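Engineer: Shown below is the structure under consideration.
The values are calculated or read from the model by the stated rules, or taken from the named source; none is laboratory data. What you are looking at is a predicted structure, and each value in this text was computed from that prediction instead of being measured. Reconstructed Cβ throughout: ideal geometry from the backbone, glycine too, with neighbour counts over all protein chains shown. For the accessible areas, the whole protein counts, side chains as well, though only heavy atoms, and no ligand, DNA or RNA atoms are used. Shrake-Rupley method; radii C 1.70, N 1.55, O 1.52, S 1.80 Å.
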Amino acid sequence: MTVEVKVAEAVQVAEEPVKVVAEEAENVVAEEKCEKDESKPKMVEKSSSYREESNFLSDLKEHEKKALSELKAKLEEAILGNALFKKEEKKETAKKQSNEEEKKTEEKATEECEKEAEKKEECAEEKPNECEKPQEAAEKKPDECAKPPQETGETEQQPEADAEVDRDISIWGVPLLPSKGNESTNVVLLKFLRAREFKVNDAFEMLKKTLQWRKEFKIDSILDEEFGADLASAAYMSGIDRQGHPICYNIFGVLDNEEIYEKTLATEEKREQFLRWRVQLMEKGIQELNFKPDGINSLVQINDLKNSPGPSKKEVRAAVNKAVAILQDNYPEFAAKNIFINVPFWYYAFHSLLTPFLTQRTRSKLVFARPSKVTETLLKYVPIQEIPIQYGGIKRDNDFEFSASDGEATEVVIKAGSTQTIEIPTPEAGTTFIWDLIVLGWEVNYTEEFVPTDENSYTMIIQKGKKMSSDEAPVRKTFKNQEPGKIVLTVQNCSGKKKKLFYRYKVKKACF
């Protein structure tokens, strides 16, 4: 099995799939070195290797094209030959029993025919006149017992041959019959091929097992099922990354809560429901993908390891491991990136031992961040307005003021020992302004003022100077001006390190 933590994994315990990448350790060292160089302020860095592999045929290597072609041929043959799904055991057993009964019936019939023939011979010798009529009848009517068994069972396999071919077999809304010519079919098949290093037979078997599992697990109806709100905080979809991939947050610490544990994992029945809930969440995330060669075809998994369940929670570990196995086996290449945050220090040493056994494709998807580097790491892949407040961003739950349509927040680098001012023009009176502002790591002085255009008017203090500590939440303010002017936000960086500031605002004109 390919060693890979999938899109989708909602929950994992501390001892499970955190696998450190050597390059990540080098990046951490490089980042610390850069912090000492204050003469070169820079914007948020983005990962240079952070792009999905191309799904355009023209971009595939020759051996990849060949593998795709071979897989399509095998799939076409299997679908048209009704060989994609394994036969039901009940039908096999019934057929076997039927064959055995038929064999016994034939043997019994043959034995009776032999006895009848012996009787006729004896009768012919002792009473030729009385036996003449049956003998004549026997000559007129050929012995049916002489027929070979094949003649009486000539249509035995006819139902299987005449079985209707399902040409509409699909997965995640994508038709699988290659001859239909749907471009999304290639995108799906490439996922299975990449998960098996382009080994055609292995990829084909994986696809067959996935289809069989989906049938047995009743995936077609899972989106309509209700699981309540108890697990809603354990894993959820929220926002997109810089490339447009939907993001799934997996909060492991939630499962360490005794109340939630009792409600969701305390019994075998509840653990089964937990598995279905996690698979449902994965299916919901996949609905946001488009399976186009130039589209978004995978998710970003952000896994928070803070307060992960300990070894004593064996039921939690068992349920989590089972969920991970299901997602690994049936959702290949659905993780564009697996970002682990709040990772304990000892994880790095422990999981570095596994790095040599991982493929380059797997290693390139894994990212780790210790608690002090969570926001900085997430910013490489996720814009600040898509990062939740608890991780150092400005995204709020059920936010009715700002939305994705408002665009990205503006980033400003404040040099060490310098002051940065942000001016929001307010040319019309009676206008309501809303703004968000955050400085990574804070430890700055912050002031808000309204400066009227009329020099004879007085400057209004919205927020007097305040020392912002490192754990301050982002600022959100609403202000309505009574005359034209401007709002001035002042940030004074008194530290010896540069700071990154992000802000956004919007204006709501008053309705009369």
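Engineer: Where only protein heavy atoms count, and the probe is 1.4 Å, what is the accessible area per residue for region 250-345 in Å²?
Structural biologist: Numbers: 3630 Å² over 96 residues.
So region 250-345 comes to 38 Å² accessible per residue, rounded to a whole number.
Engineer: Mind checking the full-extension length gain between Leu223 and Lys66? Use 0.36 nm per residue of separation minus the Cα-Cα distance, one decimal, nm. Walk me through the numbers before you get to the answer.
Structural biologist: Details: separation 157, 0.36 × 157 = 56.52 nm, distance 3.60 nm.
Roughly 52.9 nm would be gained on extension.
Engineer: Here is the link list: Lys284/Lys500; Lys74/Lys270; Lys199/Lys314; Lys74/Lys322; Lys415/Lys477. Which ones come out longer than 32 Å on Cα distance?
Structural biologist: Lys284/Lys500; Lys74/Lys270; Lys199/Lys314
Engineer: I'd like the accessible area for Trp277: 1.4 Å probe, protein heavy atoms, all chains in place, Å² to the nearest 10.
Structural biologist: About 20 Å², rounded to the nearest 10.
Engineer: Turning to a different aspect of this structure: For region 343-404, count all C-alpha to C-alpha pairs, find those more than 17 Å apart, and express that count as a whole percent of the total. Walk me through the intermediate numbers first.
Structural biologist: Values: 1034 of 1891 pairs.
Of all Cα-Cα distances in region 343-404, 55 percent exceed 17 Å.
Engineer: What is the dipole size for region 316-457, taken about its Cα centre, with +1 at each Lys and Arg Cβ and -1 at each Asp and Glu Cβ, in debye to the nearest 20?
Structural biologist: Values: 12 positive and 18 negative charges, 337 e Å.
Dipole size: approximately 1620 debye.
Engineer: Please turn the phi angles of region 254-271 into ³J(HN,Hα) values with the Karplus equation 6.51 cos²θ - 1.76 cosθ + 1.60 (θ = phi - 60°), one per residue in order, whole Hz, x for glycine and proline.
Structural biologist: Along region 254-271, the couplings run 4, 6, 8, 6, 4, 5, 5, 4, 5, 7, 10, 9, 5, 10, 4, 4, 5, 5 Hz.
Engineer: Now, a different point. Report the calculated FRET efficiency for Ser170 and Glu205 (r = Cβ-Cβ distance, R0 = 22 Å), to the nearest 0.05. Please list the in-between numbers first.
Structural biologist: Working: r = 19 Å, r/R0 = 0.87.
Result of the calculation: an efficiency of 0.70.
Engineer: Over the heavy atoms of Thr375, what accessible area does a 1.4 Å probe trace out, to the nearest 10 Å²?
Structural biologist: 30 Å²
Engineer: Could you give the length gained by full extension between Asp294 and Met237, i.e. 0.36 nm per residue of separation minus their alpha carbon distance, to one decimal place?
Structural biologist: Details: separation 57, 0.36 × 57 = 20.52 nm, distance 2.25 nm.
Between Asp294 and Met237, full extension yields an extra 18.3 nm.
Engineer: Subtract the Cα-Cα distance of Glu443 and Ala325 from 0.36 nm times their separation in residues, and report this length gain in nm to one decimal. Please report the intermediate quantities before stating the final value.
Structural biologist: Details: separation 118, 0.36 × 118 = 42.48 nm, distance 4.40 nm.
The Glu443-Ala325 span can extend by a further 38.1 nm.
Engineer: Kindly state, to the nearest 0.05, the FRET efficiency for Met460 paired with Ser372, given R0 = 35 Å and r defined as their beta-carbon distance.
Structural biologist: Values: r = 38 Å, r/R0 = 1.08.
Result of the calculation: an efficiency of 0.40.
Engineer: Got a sec? Which residues in region 218-236 would a label at Glu269 touch, if it sits 7 Å along Cα→Cβ and we count backbone N under 17 Å?
Structural biologist: Counting only backbone N, you get 226-228.
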